[in-house]
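Since the structure comes first, as C-alpha cells, the remarks are kept for the end.
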Amino acid sequence: MLAGVVQKGELEWEVPIGFVPGMRVPGKFYLSARLEEILEEGAVRQLANVATLPGILCCSLAMPDIHWGYGFPIGGVAAFDLTEGVISPGGVGFDINCGVRLLATPLGQRDVAGRRDLIDAMYQAVPTGVGAKSSLRMDAKTLDGMMMKGARYAVEAGYGLPGDLVRCEENGFMKAADVKAVSGKARQRGVPQGGTLGSGNHFLEIQVVREIYDPEAAKAFGLAEGQVCCMIHCGSRGLGHQVCTDHIKILEESTRKYHIRLPDRQLACAPIGSPEGTAYFGAMAASANYAWANRQVITHAARNVFKKLFRIPHEEIPLIYDVAHNVAKIEEHTVDKKKRMVCVHRKGATRAFGPGCPDIPADLSSIGQPVIIPGSMGTPSFVLKGTRGAMEKTFGSTCHGAGRVMSRSQAKKKISGKEIAESLARQGIYVRAPNEAAISDEAPDVYKPSSEVVRVVHEAGISRLVARLDPVGVIKG
Amino acid sequence: MSFSELPHTADVRIRARSETLEGIFSDLTDALMQVMYGKFTAIRSETLVVKEVRVSGDDTASLLFNYLSEVLFLTEVGGIVFVRADVRVTGNKLHARLFGEVFDPARHSGGTEVKGISYSGLEVRNDANGYIAEIVFDV
C-alpha cells in the first residue's frame with residue numbers, strides 16, 4: 001500500500017489528514033488485497049484532494065472500483081453541509097446520471113439460446129455508436145419535458161408503464177431541474193440524441209440470472225434463477241456533457257469569486273446555495289432527468305423487440321430498478337448522530353439505501369434498495385441490496401461497476417476486436433457493435449474483475465449480494 | 001501532424017508537439033477527430049464545409065479548453081468531421097477556420113465518443129524546440 005495510507009480493517013483503509021495539505025477530514029476507501037495491486041496513486045491523491053473542499057462532512061470516500069478520474073476519483077463519494085459546503089461538477093462527471101436499469105422478462109435461457117436475431121433486432125431498434133441519431137421526433141418542447149420530468153415525461157408520452165416510475169431512483173426525475181440553466185448548446189446536443197445509447201462503456205445486454213444468493217430479496221425484486229433479463233447502461237449523452245463543460249467554466253470563475261483554495265483545478269466548485277452553485281445543480285438535475293427519459297425510451301424499444309419476437313406484452317417485462325451512478329443529490333443522512341440534509345456527490349458510485357429508507361419503493365421497504373452493478377462486456381453483472389451499513393458508513397452508497405485497469409490504447413494493442421468477439425462467441429455471448437475498436441476498447445480484461453469488486457462491498461456490508469447475471473448477448477456503441 | 005497517445009486508464013491522454021502554439025491547436029484538433037472517428041482518409045478538398053471558431057481564455061490552457069470544447073460541439077451537432085484547422089492566436093484570443101467533411105458512418109465509425117475536454121492534466125509549455133501540450137479527452 002502507498003506510504004501514509006493506514007489499514008483500518010480487512011477491507012477498509014484511511015488516508016489521514018495531512019496526506020495532502022489542506023485536508024479537512026480524512027479519506028477512506030474499501031479495497032481487497034487483490035484490488036490493491038492495481039490501485040493508482042493518482043486516484044488516492046484525488047480522494048485526498050476532495051477532503052480539502054469546504055463543508056465536506058465525515059470523510060472523503062471511495063468504493064473498491066476506485067480509479068483515476070476527473071476531479072474526484074471514479075468511485076468517489078462525498079457529502080457536504082448545505083450552508084458551508086460546495087457543489088462541483090468534478091464530483092459528478094461529464095456523463096451526468098450515467099446509470100443502469102434492469103428489466104426482467106418471463107423468458108428462460110432456452111428461449112433465447114442461439115437467438116442471434118434478438119441481439120440483431122435490439123441493435124436495429126436502439127440507435128448505437130458515434131454519430132447515431134435519435135429515431136424520436138424531438139423538438140424544444142419535448143426536450144423541455146424530458147429535462148423537467150425525466151422518465152415520467154417519457155411514460156406519459158407512451159414510452160413505458162406507470163409502474164416503471166416507482167422502480168426508478170427519485171421516481172425517475174429530480175424536481176430541482178432548471179431548464180433555464182441549460183445552455184442553447186447543450187440543448188442542441190440533446191435534441192438529436194434522445195433515446196440513443198452512445199458509445200464507450202455503454203451497452204444493452206441480454207443476461208440470464210445464473211445464481212441467487214439471497215432468495216428473499218430476489219423474490220421481492222422479481223428475479224428468479226434462469227430468468228432472461230435486459231440491462232441498459234447509458235446516460236445524458238451530449239446534453240449532460242455540454243452542461244458539465246459549460247458549468248465548469250462558470251465555476252472556475254466562482255472558485256476565485258468565493259476565494260476557495262483548490263489543490264486541483266478540476267475541483268472547480270461554488271457554495272451550494274450561491275447563484276452559480278444553484279445554477280449548476282438545476283442544470284445537472286435537468287440532465288439527470290434527460291438521462292432517465294433516455295433510458296425509458298430505450299426500455300420501450302427493447303420491450304417492442306421482445307413483443308415482436310416472442311409475443312410478450314410490455315406489462316410482462318417489469319423494470320426491476322434504475323440507478324444513477326454520476327449525480328449529486330440533496331438527501332437526509334445521520335451525521336454526528338443527528339439527521340440532517342446534506343448534498344451527496346456520487347461519481348461512479350451507486351446509491352444503496354437500506355431497509356426503512358423513505359426514498360425506496362414501499363414494497364421493498366423491508367429489503368433495501370435494489371443496486372445494479374454492471375459487469376464489463378462478457379463478464380457477470382450483479383444485483384445487490386442496500387443496507388443499513390451503507391447508511392452508517394458511506395452516505396448510503398456502494399460501488400458502480402468494475403473500473404478500468406488498462407487504457408484503451410493498451411487494450412487495442414493487446415487483442416483485436418475480432419478475436420474478442422470470437423472468444424465471447426465460444427462462451428455463448430454474441431456481440432454487435434459498429435466497429436472492432438468498440439469491442440477491443442471494452443474487452444473483459446481491461447476491467448477490474450467485477451466479482452471481486454462486489455465481494456468487497458458485500459463483505460464490508462455496504463450492500464449485500466442478491467443475484468448474479470451472466471451475459472448472452474451485447475449491443476454496444 | 002504530431003501527436004501521440006500517452007497511457008491513461010479510463011480516458012484518452014494526448015501529447016502534441018509543434019514549433020508554434022497554433023500548431024498545437026491544429027494537431028489537437030486532428031487528435032480529437034482521430035479519437036472520435038478513427039483513422040480515415042480525407043476526401044477531396046473542394047467539398048469541405050467551413051466553420052469559424054472564435055474563443056478567448058484567461059491563459060493558454062483555458063484557451064485550449066475553450067477551443068477544443070467548441071470543436072467538439074461543432075463536430076457533434078453539425079455532423080462534420082474536421083480534416084484541417086487553420087488557427088491564429090493573438091494574445092488571449094483565438095480565431096480558427098475549420099474545414100470538414102460530412103459525417104459518413106461508412107468511413108467515420110472507427111472511434112469512440114468524446115464526452116468532454118478535461119482540465120485534468122492539461123498543460124501547455126514551451127522549450128527550445130517549440131511547444132508541447134498534454135490533454136485528456138473524457139471518453
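The values are calculated or read from the model by the stated rules, or taken from the named source; none is laboratory data. Being a predicted model, the structure only gives us computed values, none of them experimental. Cβ placement follows ideal geometry from the backbone for every residue including glycine, while neighbour counts extend to all protein chains displayed.
Some notes on this structure:
- Residue list for segment B:5-54, filter: out of contact with any Leu (no Cβ under 8 Å at 6 or more places or on another chain), polar (S, T, N, Q) and within 20 Å of B:Val87 (Cα to Cα): B:Ser18, B:Thr20, B:Ser26, B:Gln34, B:Ser45
- Filter result for A:Arg256 (free of Cβ contacts under 8 Å to residues at least 40 places away in the same chain and over 21 Å from the mean Cα position of the chain (by Cα)): yes
- Among (1) on the phi > 0 side of the Ramachandran plot; (2) out of contact with any strand residue (DSSP E or B) (no Cβ under 8 Å at 6 or more places or on another chain) - the single one B:Arg44 does not satisfy: (1)
- Residues of segment B:57-77 that turn out to be among the aromatic types (Phe, Trp, Tyr) and either touching a strand residue (DSSP E or B) at 6+ places or on another chain (Cβ under 9 Å) or more than 8 Å from chain A (Cβ to nearest Cβ) (or both), as a count: 2
- One residue stands out in segment A:181-212 among those that are over 19 Å from A:Ala283 (Cα atoms) and among the aliphatic types (A, V, I, L, M): the one that is nearest to the other protein chains (Cβ to nearest Cβ), namely A:Leu197.
- Reported count of residues in segment B:72-97, each being within 19 Å of B:Ser18 (Cβ to Cβ), β-branched (Val, Ile, Thr) and out of contact with any helix residue (DSSP H, G or I) (no Cβ under 6 Å at 6 or more places or on another chain), is 2.
- Residue count for segment A:246-286, restricted to those that are out of contact with any strand residue (DSSP E or B) (no Cβ under 9 Å at 6 or more places or on another chain), more than 12 Å from chain B (Cβ to nearest Cβ) and within 22 Å of A:Gly198 (Cβ to Cβ): 2
- Considering B:Thr60, B:Thr29, B:Thr47, the condition of being surrounded by fewer than 16 Cβ atoms within 10 Å (Cβ to Cβ) and of a type in the set (Ser, Thr, Tyr) is satisfied by B:Thr47 alone.
- Whichever residue in segment A:438-470 is of a type in the set (D, E, K, R) and more than 30 Å from B:Tyr37 (Cβ to Cβ) and, among such residues, is modelled with the lowest pLDDT: A:Glu452
- Boolean, A:Glu422 is without any contact (Cβ under 8 Å) to a residue 12 or more places away in the chain and not β-branched (Val, Ile, Thr): yes
- From the list A:Ala421, A:Ala390, A:Ala425, A:Ala438, the lone residue that is out of contact with any Pro (no Cβ under 8 Å at 6 or more places or on another chain), buried (at least 23 other Cβ atoms within 10 Å of the Cβ) and closer than 24 Å to A:Gly114 by Cβ is A:Ala438.
- Selection of strands (runs of 3 or more DSSP E) fully inside segment A:364-447 by the criterion of at least 1 residues being touching a Lys or Arg at 6+ places or on another chain (Cβ under 6 Å) and either basic (Lys, Arg) or within 14 Å of chain B (Cβ to nearest Cβ) (or both) returns A:381-385.
- Single unsatisfied condition, B:Val87 versus (1) under 15 Å from B:Ala16 (Cβ atoms); (2) crowded, with 23+ Cβ neighbours inside 10 Å: (2)
- Checking segment A:171-180 against the condition returns no match, with no residue being in contact with a Phe, Trp or Tyr (Cβ under 7 Å, 6 or more places away or on another chain), within 14 Å of chain B (Cβ to nearest Cβ) and part of a loop (DSSP other than H, G, I, E, B).
- When every residue of segment A:115-134 is checked against the conditions, none turns out to be in a helix (DSSP H, G or I), within 21 Å of the chain's Cα centre (by Cα) and surrounded by 18 or more Cβ atoms within 10 Å (Cβ to Cβ).
- Of the residues making up segment A:448-477, those that are within 14 Å of chain B (Cβ to nearest Cβ) and either part of a helix (DSSP H, G or I) or hydroxyl-bearing (Ser, Thr, Tyr) (or both) number 0.
- Of all residue pairs spaced 6 or more apart or on separate chains, those with beta-carbon atoms under 8 Å, a first member in segment A:140-161 that is part of a helix (DSSP H, G or I) and a second member that is among the β-branched types (Val, Ile, Thr) and modelled with pLDDT under 95 are A:Ala140/A:Val191; A:Leu143/A:Val191.
- Beta carbons closer than 7 Å, at least 6 apart along the sequence or on distinct chains, pair a first residue in segment A:122-139 that is free of Cβ contacts under 8 Å to residues at least 60 places away in the same chain with a second that is in a loop (DSSP other than H, G, I, E, B) for A:Gly131/B:Gly79; A:Gly131/B:Phe103; A:Gly131/B:Pro105; A:Gly131/B:His108; A:Met138/A:Gly194.
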